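What follows is a single structure, written as structure tokens, with notes after it.
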Amino acid sequence: MNQLSVELKDESATVLMGNKLSQAVKTGAIIYLHGDLGAGKTTFTRGVIQGLGHKGNVKSPTYTLVEPYELNSVNAYHFDLYRLGDPEELEFMGIRDYFELNSLCLIEWPERGAGILPEADLDITLEYVDAGRVINLVANNPKGLSILALLEQ
Ligand code: ADP
Ligand code: MG
């Protein structure tokens, strides 16, 4: 299947899902994170980054646009493009360096970087459902499919 949906009943379920995904993206991937403000994109990213061994906080880089993490298995970059005025600003940030071979890029508000960002291996959407959330993961290519296959094990 190229798609997977999971109910996340509370914040800790979102973090656990991020922990689980972390084990499937240890060698890098490009992941777009969609969803309204407060849907859980940063919470989920915290689960991924801490799942890869980071001990400190994971806060959305709202003003700096990107936060790098040097992890054991991979270089990770957490983007929050909410405040990006023009996709071309990404070029000035030296975006190509972030998408080096085998980096893990988790990108909130990827729509703001349309035309400049590389294509995602995986599109993840978080939605409000009652008091919890539902996460939907869609694979766009063979790499995305292999990540989903690992998650479904
Ligand atoms: P975003 O980055 O999408 O704007 P955040 O992760 O910063 O969202 O905030 C999400 C908020 O929703 C946090 O207050 C978090 O505690 C809460 N939250 C996360 N996952 C769930 C869930 N599965 N059910 C209920 N609340 C959640
Ligand atoms: Mg956020």
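The values are calculated or read from the model by the stated rules, or taken from the named source; none is laboratory data. Note that this is a predicted model, so its numbers are computed, not measured. Positions of Cβ are backbone-derived with ideal geometry, glycine not excepted, and every protein chain shown enters the neighbour counts. Accessible surface areas use protein heavy atoms only, side chains included; no ligands, DNA or RNA. Shrake-Rupley method; radii C 1.70, N 1.55, O 1.52, S 1.80 Å.
Ignoring ligands, DNA and RNA, how do TYR98, TYR82 rank by accessible area with a 1.4 Å probe, largest first? Present the calculation step by step, with values, prior to reporting the outcome.
Working: TYR98 50, TYR82 80 Å².
From most accessible down to least: TYR82, TYR98.
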- [ ] Considering the options MET17, PRO142, TYR63, tell which one lies farthest towards the positive end of the dipole of the chain, charges being +1 on Lys and Arg and -1 on Asp and Glu at the Cβ, about the Cα centre.
- [x] MET17
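About its Cα centre, how strong a charge dipole does the range 51-153 have in debye, to the nearest 20, once Lys and Arg get +1 and Asp and Glu get -1 at the Cβ? Can you show the working numbers first?
Values: 7 positive and 17 negative charges, 69 e Å.
About 340 debye.
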- [ ] Could you tell me what percent of the accessible area of the range 10-153 is made up of carbon and sulfur, with a 1.4 Å probe and every protein chain present?
- [x] 50
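What ranking, highest mean first, results for peptides 63-76, 103-116 when packing means the other Cβ atoms within 10 Å averaged over each residue? The partial results should precede the final answer.
On the way: 63-76: 15.4, 103-116: 19.2.
Per-residue mean Cβ counts within 10 Å order the peptides as 103-116, 63-76.
How much of the DSSP beta bridge set in the chain is antiparallel, as a percent to the nearest 5? Could the numbers behind the result be given before it?
On the way: 19 of 33 bridges.
Here the share of antiparallel DSSP bridges comes out near 60 percent.
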- [ ] Please work out the average accessible area per residue across the range 3-152, using the 1.4 Å probe convention, and give it in Å².
- [x] 50
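Only helical DSSP H runs with n ≥ 4 go in: add -39500 (n - 2.57) per run for the chain, normalise by residue count and round the 222 nm mean residue ellipticity to 500 deg cm²/dmol.
On the way: 5 runs with 42 residues, N = 153.
Rounded to the nearest 500, the figure is -7500 deg cm²/dmol.
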Task: Loop sites in the range 9-94: trypsin sites (Lys or Arg not before Pro), DSSP, at most 14 other Cβ within 10 Å - done: LYS9, LYS55, LYS59, ARG83
TODO: Please tell me the relative contact order of the range 3-152 in percent, rounded to the nearest whole number, where contacts are Cα pairs under 8 Å and at least six residues apart.
DONE: 33
